[in-house]
1. Please return the ranges of strands (runs of 3 or more DSSP E) entirely within the range 133-222 where 1 or more residues are in contact (Cβ under 8 Å) with a residue 12 or more places away in the chain, out of contact with any helix residue (DSSP H, G or I) (no Cβ under 7 Å at 6 or more places or on another chain) and surrounded by fewer than 19 Cβ atoms within 10 Å (Cβ to Cβ).
2. Within the range 241-263, track down each residue that is more than 13 Å from the chain's Cα centre (by Cα) and surrounded by 20 or more Cβ atoms within 10 Å (Cβ to Cβ).
3. Between 613, 642, which is in contact (Cβ under 8 Å) with a residue 60 or more places away in the chain and over 27 Å from residue 230 (Cβ atoms)?
4. Kindly evaluate residue 334 against the criterion of being in contact with a strand residue (DSSP E or B) (Cβ under 9 Å, 6 or more places away or on another chain), touching a residue at least 60 places away in the same chain (Cβ under 8 Å) and either surrounded by fewer than 19 Cβ atoms within 10 Å (Cβ to Cβ) or assigned by TED's automatic domain parsing to the domain that holds residue 48 (or both).
5. Residue 761 - would you say it is part of a helix (DSSP H, G or I), modelled with pLDDT under 85 and crowded, with 17+ Cβ neighbours inside 10 Å?
6. Just checking: which of the helices (runs of 4 or more DSSP H) contained wholly in the range 355-469 hold 1 or more residues that are at pLDDT 80 or above and surrounded by fewer than 21 Cβ atoms within 10 Å (Cβ to Cβ)?
7. Conditions first: (1) modelled with pLDDT under 90; (2) crowded, with 18+ Cβ neighbours inside 10 Å; (3) more than 30 Å from residue 430 (Cβ to Cβ). Residue 642 passes all but one, so which condition is the exception?
8. Across the range 672-684, which residue is nearest to the chain's Cα centre (by Cα) among those that are surrounded by fewer than 16 Cβ atoms within 10 Å (Cβ to Cβ) and in contact (Cβ under 8 Å) with a residue 60 or more places away in the chain?
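The values are calculated or read from the model by the stated rules, or taken from the named source; none is laboratory data. Bear in mind the structure is a predicted one, so any value in this text is a computation, not a measurement. Positions of Cβ are generated from backbone atoms using ideal geometry, with glycine treated the same way; all protein chains shown enter the neighbour counts.
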């Protein structure tokens with residue numbers, strides 16, 4: 001019986017059934033995709049790091065190194081499982097030519113290594129440990145992604161020819177957020193090119209118990225071992241590897257939650273429309289004594305079938321689209337060890353959506369209790385009491401066309417009815433605007449403020465070289481006499497010891513210099529102004545449990561020095577753990593120096609970079625805009641894809657919801673439409689009334705959606721960004737996109753859907769609908 005009822009009902013309402021099925025399918029697809037992508041990303045990162053045996057603790061170091069002392073420390077520390085020191089030959093990009101492309105303008109620290117013997121292996125695209133032969137060069141996968149190199153290309157490294165034999169995955173330096181990239185060569189070739197660059201050391205440890213990593217970091221710092229460079233730990237490697245695709249997945253997850261909410265609202269639309277259409281039949285069933293539970297089962301069976309069909313379609317679509325979205329994850333990290341569980345988890349997510357829909361439909365059907373059999377049989381429709389807009393009278397209208405006025409009046413009179421459509425349009429606007437705002441923010445030049453970097457044009461890095469202080473002075477002398485540079489400053493980073501709560505010591509990197517020349521934004525407090533002050537990055541402040549006004553202890557020349565925390569700022573570079581101060585110090589070794597400069601004429605940037613690169617071969621000189629693009633390029637592309645998909649989803653939702661709502665209104669307003677026709681209103685008049693209702697609701701929806709996107713959307717997005725080191729986050733909005741194009745697209749979608757949805761009003765006959 002149920003099968004026959006369902007079949008007959010679907011045949012009578014094909015469009016509504018199809019639309020509802022598509023909404024459920026979209027919700028199920030996005031939920032399934034979110035689950036599949038999360039499981040695959042997590043599993044792929046774990047697989048890569050397990051295959052490569054990523055170090056649990058890695059200290060980069062430039063300068064002299066005492067390997068015997070390091071080996072003694074490793075032997076005496078009971079938690080050390082394996083220890084090694086690898087060489088990383090840092091080379092100027094101008095000396096690296098891949099095919100027809102030079103890396104002269106590349107902002108990465110490009111270097112060469114040989115394959116490790118114990119752990120931290122460099123892998124090929126099949127996940128195997130690479131053994132490079134003489135004359136072979138294995139290139140970081142980033143340069144395959146951007147088409148800089150291809151297998152078989154000729155490469156020239158400092159005048160020596162190589163053949164690009166393949167591409168490598170590096171569990172440490174895969175991400176574009178990692179400032180260094182490793183090329184792999186044979187031991188013989190490495191020995192031949194060693195004199196062409198500066199050697200940096202990767203001091204690496206794998207621990208027996210990873211949960212004791214914090215204690216090991218403290219022990220390493222307290223031992224006073226080599227630390228002239230960034231310190232990176234296993235959890236940070238995982239975070240860096242996950243960031244680009246993780247943000248994309250977060251956007252999809254947010255959209256999926258919103259689409260599920262919209263699917264519920266649309267089911268409510270269609271169900272109420274169906275109840276309205278069947279109002280007299282429901283009254284008859286109640287009058288002849290049919291139990292409420294039996295009546296509910298008739299409707300529940302149909303919606304359970306629609307939900308099941310939509311869920312299966314959504315799952316099938318998620319399997320179709322997953323490969324496209326997994327492409328980047330598979331390229332950079334390989335196959336996930338959890339791929340077999342991904343589809344199962346996606347199915348579980350879909351089942352949860354299915355059961356939630358059935359429970360929701362059952363809840364909506366409780367309104368059968370309120371239906372009066374006599375009223376339903378007599379009128380054939382619910383007799384709602386219109387409230388509101390009593391003072392909004394036609395005879396007082398001097399602003400609008402009569403049809404527009406009647407449309408707006410109807411919205412104000414039946415607020416509860418239009419509230420659902422409004423809620424959906426608000427969510428649709430939110431879905432469209434938030435990913436767009438996120439994309440505009442991370443692709444804008446202002447995003448550098450989340451990197452702890454000020455607003456300047458040229459960045460000159462001097463690192464992985466000897467006599468950094470002398471070479472910095474040489475560059476500053478030239479800058480001082482360069483009339484094209486309007487202002488500049490030098491910031492020098494050194495490592496100091498800081499005392500923590502339990503009295504033990506940890507290393508802290510402090511950037512010294514005048515931070516007022518190119519100020520950054522502080523989420524709390526301000527920049528250090530006197531020698532007794534220090535500003536901390538958000539992650540450092542959290543880890544040390546420090547806030548503005550707190551005092552921390554720095555050890556300099558064996559003596560303790562008290563510094564007051566003046567401010568907290570965002571920084572997602574160097575693991576997000578940095579600090580800024582203005583005191584002078586000659587005791588600690590310089591890790592690196594950065595000279596920042598702003599030009600009086602920004603069009604001279606390329607010319608100035610070329611000039612200084614030719615004069616100072618030891619320095620890495622880059623355009624700050626290009627620095628941001630190369631560092632965040634992969635992340636920007638991922639979010640860009642997600643934002644385009646979100647626009648498409650938002651517009652489809654807008655069209656379908658408006659279409660459904662208009663069809664429901666036409667069914668509900670059959671009597672009113674018949675009366676208007678009897679009074680002389682034409683079909684075009686009625687269409688204009690419904691169009692004005694839709695546009696009026698849309699305008700309110702866009703305003704509320706935009707406000708919500710710029711408040712709640714900013715908070716939700718900021719929660720993700722701050723987990724990577726940014727202490728505060730604000731959208732950088734493109735007004736043309738957010739306030740013109742998006743509303744225009746939504747407006748056109750609503751108008752088209754309204755015209756289609758109200759086409760049935762012309763078929764309503766006066767004689768059949770105006771009855772006692």
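1. Working: elements: 136-140, 154-157, 160-168, 180-184, 198-207.
The strands (runs of 3 or more DSSP E) meeting that bar are 136-140, 154-157, 160-168, 198-207.
2. First, the residues of the range 241-263 that are more than 13 Å from the chain's Cα centre (by Cα): 241, 256-263.
Of everything in the range 241-263, those that are more than 13 Å from the chain's Cα centre (by Cα) and surrounded by 20 or more Cβ atoms within 10 Å (Cβ to Cβ) turn out to be 241, 256, 258, 259, 260, 262, 263.
3. Values: 613 fails: over 27 Å from residue 230 (Cβ atoms).
One residue alone meets the criteria, 642.
4. Numbers: in contact with a strand residue (DSSP E or B) (Cβ under 9 Å, 6 or more places away or on another chain): yes; touching a residue at least 60 places away in the same chain (Cβ under 8 Å): yes; either surrounded by fewer than 19 Cβ atoms within 10 Å (Cβ to Cβ) or assigned by TED's automatic domain parsing to the domain that holds residue 48 (or both): yes.
The answer is yes for residue 334.
5. Details: part of a helix (DSSP H, G or I): yes; modelled with pLDDT under 85: yes; crowded, with 17+ Cβ neighbours inside 10 Å: yes.
Answer is yes for this residue.
6. Values: elements: 373-379, 402-413, 415-443.
In the range 355-469, the matching helices (runs of 4 or more DSSP H) lie at 402-413, 415-443.
7. (3)
8. Out of the qualifying residues, it is 683.
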